[in-house]
Structures are given as structure tokens and as C-alpha cells.
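Let me begin by presenting the structure, written as C-alpha cells, before commenting on it.
The values are calculated or read from the model by the stated rules, or taken from the named source; none is laboratory data. These figures come from a predicted structure and were not determined experimentally. Cβ placement follows ideal geometry from the backbone for every residue including glycine, while neighbour counts extend to all protein chains displayed. Heads up: the accessible areas ignore ligands, DNA and RNA and are worked out on the full protein's heavy atoms, side chains in. Shrake-Rupley method; radii C 1.70, N 1.55, O 1.52, S 1.80 Å.
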Amino acid sequence: MNLLVVGSVALDSVRTPRAEVIDELGGSATYASLAASSLADTGIVAVVGSDFPGSSRDLLYNAAVDLEGLESVEGETFRWSGVYGEDPNDRSTLDTQLNVFADFEPKLPARCRDAPYLFLGNIHPALQTRVLDQVNAPKLVACDTMNFWIEGEREALDRVLPRIDLLLVNDEEVKLLSGETNLLIGARAILEVGPKAVVVKKGEHGAMLVTSEGLFVAPALPLASVIDPTGAGDSFAGGFMGRLTREKGFDEEALRRAIVWGTVTASFCVEHFGVRGVVEMSDEDHAARMAAYRETTRVAY
Ligand code: AMP
């Protein structure tokens, strides 16, 4: 295994202005691992309840995601529900039921402890810490979080930040975490507490990389049809991490390539409800869209 993904495996209920789905496979670890699995030997550490459908487990298994670290316990699977407005960036969480995640104690199988790349997906920061305590000197640790934890578990999150290399968050989370309204100032303030790089996901407005040396911005690929933005950030993170496992180091150029890769991966995610877009994305589809991305962003000075 060269990439370990820790996060939620969820049943999501999502409403958009045009449709609604109930108890669809979702979760931060689900999207990220599916998006990474064609690039990296990927495993997940998460928990599901006894109600978790066998078909969802099969879907992960068939995508070559290593499930040794997916624990199944008595009780209900983590559930999240959200609603989108006409603007796909406008999302409200309706409900978060931690269920089996409330008592989850991550126990990393031996294979997972040596993974050189670790992605701490959006999950309780205390669990992220317990995972960090069990891994054997990974080469790169990236971490995501969200307003739910920034507002509710700030102390636990502050213990994670100095131990990671890279923080992947959205614009709203940068502002909340740093207390700054300016994204660049906010991201630089986060660099002060530990991470060497902050990747700011800005939904349909693309992504931004902030390091002590530089700044990079990547627009999102404009899409004519956005069906369900759920999981876009996690698919971005999975594509980003998967691409990084193919690089020799983590210099600015490698991070830039990974950001563009993740941006293109996320574009597939939002075209369908749930995980379908990332599951059905072939290497050829991705390559074609990378070419379209190059063309759309090309400029001759
Ligand atoms: P994204 O759209 O990339 O921000 O990711 C949405 C996914 O994150 C959904 O599939 C949810 O199940 C999952 N999620 C939402 N809230 C939480 C939470 N508090 N902890 C862990 N996962 C969550």
C-alpha cells in the first residue's frame, strides 16, 4: 500500500434544486480513495455499521481499494445530509449523525502503518491524531477538515496541524481557521502553525496553492452540467494525493501538477449524484480532460 486514506464512509442524503437521493454511498474516505485508486495502491481506515450495504463494499473492492482497515461494527453507519441551492457553491448541512463514528477507535493494520503517503480525510481531529500516532514516518501527510470540526473541536484540530505537511481546505474553512477574511493572508497564517503548504479549494472557482515560496492558482474546468457537487473536494484530494505518489518529491512543480490532476478528477465527480462520476471515469477520460484543461488555460505572451 502506498496511500492510506482515513476518513468517513457514509450514507449521504442530498437534495439539489432538481433531484434528491437518500442513503447514497458517500464519505470523505470513499470519494478520496476511489479518486486515487487508479494511480496508487490505496487503502482506507474507517468504520461502517451493520446497515452498510454489501453492494457499496463491493463497489470499493472492485475499484481496488484495500478494505482491510474498514471496520464493520454493530450499529448505524455515519450519515450526512445536505441541500444545495441554485448556485452549486451554496450548500447547507441539514444533519450529521456520527453513529458508529462516535465510538470509533482507529486500529491500523500492519500494512497500513508503513504507507508512505497519508491522507487524513475530513473526520474528527482526535481520530486524525490517533492515526498519526500509529503510522511509521510517512513521507507526506495531507489533511482535510471542515467547519463542523473547526468550530466544534478546535483544540483537537490545533494538535493535528503542527504534525502535517499539507492542509487541503476550502476557502470558507481557511477564513474560519485563520480568522482572516483575505484568503492569501489566511493561508499564510496557517503556514505559521506547521503545514508547509496550504491548498485552498474554491469549488467552481478552482484551487490555490500557498507555500512560503510561492503561489499558484488553477481554475476549475467550466462544466455545462453540474448535478451534485458532493464529494468534489474529496475527489480533488484523492486525485491530488494519487498523482503525488507518482512524483519523486514534493517541490512546487509536483504540487502544481497534482493540483491540476485533482481539479480534473473533481470535474468528473460533480457530473453525477454520488460516487458514480469518479467510479466511471476511465484513464482515457481523464487524459482527454487534461488535454482540454491545457487548451483552456493556454496563453501565448
Ligand atoms: P465534500 O463535498 O468534498 O466536502 O465532501 C462531502 C462528503 O463529506 C460527504 O460524502 C459526507 O458524507 C462527508 N462529510 C460531511 N460532513 C462530515 C463530517 N462532519 N465528518 C466526516 N465526513 C463528513
Do the conditions hold for Asp23, that is, is it acidic (Asp, Glu), within 16 Å of the ligand (Cβ to nearest atom) and in contact (Cβ under 8 Å) with a residue 24 or more places away in the chain? yes
So, in region 1-19, of the ones that are assigned to a strand (DSSP E or B) and within 15 Å of the ligand (Cβ to nearest atom), which residue ends up most open to solvent (accessible area, probe 1.4 Å)? Arg15
Please go through region 278-301 and pick out each residue that is in contact (Cβ under 8 Å) with a residue 60 or more places away in the chain and either in contact with a strand residue (DSSP E or B) (Cβ under 6 Å, 6 or more places away or on another chain) or surrounded by fewer than 10 Cβ atoms within 10 Å (Cβ to Cβ) (or both). Asp283
Residue list for region 67-95, restricted to those being open to solvent by 40 Å² or more (accessible area, probe 1.4 Å) and assigned to a strand (DSSP E or B): Glu68, Glu71, Ser72, Arg79, Arg91, Ser92, Thr93, Leu94, Asp95
Out of all the residues in region 262-291, which are of a type in the set (Gly, Ala, Ser), within 14 Å of the chain's Cα centre (by Cα) and more than 19 Å from Leu60 (Cα to Cα)? Gly262, Ser267
Which condition number in (1) open to solvent by 30 Å² or more (accessible area, probe 1.4 Å); (2) assigned to a helix (DSSP H, G or I); (3) under 19 Å from Phe236 (Cβ atoms) is the one that Ser38 fails? (2)
Exactly one condition in (1) touching a Lys or Arg at 6+ places or on another chain (Cβ under 8 Å); (2) closer than 17 Å to Leu34 by Cα; (3) surrounded by fewer than 24 Cβ atoms within 10 Å (Cβ to Cβ) is not met by Thr211; state its number. (2)
Could you grab the pairs with beta carbons closer than 7 Å, sequence gap of 6+ or different chains, first residue in region 75-95 and aliphatic (A, V, I, L, M), second one within 8 Å of the ligand (Cβ to nearest atom) and part of a strand (DSSP E or B)? Leu94/Gly82
Pick from region 166-188, criterion open to solvent by 40 Å² or more (accessible area, probe 1.4 Å) and away from the ligand (no atom under 15 Å from the Cβ), ranking: nearest to Ala232 (Cα to Cα): Lys175
Under the condition of being touching a Gly at 6+ places or on another chain (Cβ under 7 Å) and away from the ligand (no atom under 13 Å from the Cβ), which residue from region 93-110 is farthest from Glu151 (Cα to Cα)? Pro109
Hey, can you tell me all the residues within region 49-58 that are within 14 Å of the ligand (Cβ to nearest atom) and either open to solvent by 50 Å² or more (accessible area, probe 1.4 Å) or not in a loop (DSSP other than H, G, I, E, B) (or both)? Ser56
Condition first: of a type in the set (Asp, Glu) and surrounded by fewer than 14 Cβ atoms within 10 Å (Cβ to Cβ). Now tell me which residues in region 130-157 satisfy that. Asp133, Glu151, Glu155
Test for Gln134: is it polar (S, T, N, Q) and within 14 Å of the ligand (Cβ to nearest atom): no
